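Just below is one structure, and these are the notes that go with it.
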Amino acid sequence: MKKFTIDARTLPCPQPLLRTKEALEKENFQELEVLVDNKAARENVTRFLKKSGLSSLSVEDSGESLWTVRALRSSESQVATGQEPSEVTGSAPFAGEAGGKRILILSDCIGNGDEKLGALLMKGFLYTLTQVETLPECLIFMNTGVKLSCEGSESLEDLKTLESRGCRIISCGTCLDFYGLTEKKGVGEISNMYEIASLMTAPSGSLTIS
């Protein structure tokens, strides 16, 4: 069985995913092995391979912050060649009530004035989203915005409600890691710059809140 190995250790986001995508498009292999050294990369690569049609997906914890993601390419596997980014990153329409814009949230507050006011406005905004008729397709959290999707956030239950109704809750893996919050993520999924860029440039429209 021909194996192809990608050593993505020390590579910043979204390089581990992009190297994996390139291997699916260009390399001839039956087994793919991707080495990563952070949990965000592990989740991004694993989720990408699942959506790319590879089989027998497994993750081995080698200790000392090293994971090996393995997958097999069967004759029925779908290769990413020729697919649009939305097809390989999971940004296609989702079941549920969500169907509105994609919203990028860059802070745990709204605006640059008083922090208490900004936090109050953000809390009110996220709650109000649970009450509107057309939910966002997804909420994307970056920079200090990722704190809103983590344990201890006053908006955590509102985000869980939105997710249960079909709105994707996406947190930047690099941002979670920077703030030491990867283990405290309380809702949604960890993503990467490639997927976030694909989502924000899709034709359905987007909105940025900071």
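The values are calculated or read from the model by the stated rules, or taken from the named source; none is laboratory data. Just so we're clear, the structure is a prediction, and the values are computed from it rather than from any experiment. Note that we place each Cβ from the backbone using ideal geometry, even for glycine, and neighbour counts take in every protein chain shown. Each accessible area value is taken on the protein alone, full model and side chains, heavy atoms only, with ligands, DNA and RNA left out. Shrake-Rupley method; radii C 1.70, N 1.55, O 1.52, S 1.80 Å.
For the reader, a short list of remarks on this structure follows.
- Scanning segment 157-176 for residues that are acidic (Asp, Glu) and open to solvent by less than 60 Å² (accessible area, probe 1.4 Å) returns a single hit, 158.
- Condition check for residue 137: surrounded by fewer than 21 Cβ atoms within 10 Å (Cβ to Cβ) and on the phi < 0 side of the Ramachandran plot: no
- Contact map, segment 98-118: residues that are under 17 Å from residue 196 (Cβ atoms) and among the β-branched types (Val, Ile, Thr) paired with residues that are modelled with pLDDT under 95 and assigned to a loop (DSSP other than H, G, I, E, B), Cβ distance under 8 Å, separation 6+ or inter-chain. Pairs shown: 103/136; 105/210.
- Taken as a whole, the structure leaves residue 114 outside the set of residues that are modelled with pLDDT of 95 or more and farther than 26 Å from residue 45 by Cβ.
- In the set (1) part of a helix (DSSP H, G or I); (2) modelled with pLDDT under 90; (3) farther than 28 Å from residue 143 by Cβ, residue 48 fails one condition alone, (3).
- Single match in 144, 130, 134 (criterion: under 24 Å from residue 11 (Cα atoms), of a type in the set (S, T, N, Q) and over 15 Å from the mean Cα position of the chain (by Cα)): 144
- Any hit, segment 51-60, residues being surrounded by fewer than 17 Cβ atoms within 10 Å (Cβ to Cβ), more than 27 Å from residue 180 (Cβ to Cβ), hydrophobic (A, V, I, L, M, F, W, C) and in contact (Cβ under 8 Å) with a residue 12 or more places away in the chain: yes
- Some residue of segment 177-189 being surrounded by fewer than 17 Cβ atoms within 10 Å (Cβ to Cβ) and among the basic types (Lys, Arg): yes
- For first residues located in segment 19-30 and in a helix (DSSP H, G or I), partners that are among the hydroxyl-bearing types (Ser, Thr, Tyr) and loosely packed, with under 13 Cβ neighbours inside 10 Å and lie 6+ apart or on another chain with Cβ distances below 9 Å form the pairs 24/81; 25/81; 26/81.
- Summed over segment 106-134, the residues that are open to solvent by 80 Å² or more (accessible area, probe 1.4 Å) and of a type in the set (S, T, N, Q) give a count of 3.
- The listed residues are 198, 204, and the only one of them that is part of a helix (DSSP H, G or I) and in contact (Cβ under 8 Å) with a residue 60 or more places away in the chain turns out to be 198.
- Residues within segment 39-51 that are among the small types (Gly, Ala, Ser) and out of contact with any helix residue (DSSP H, G or I) (no Cβ under 6 Å at 6 or more places or on another chain), tallied: 0
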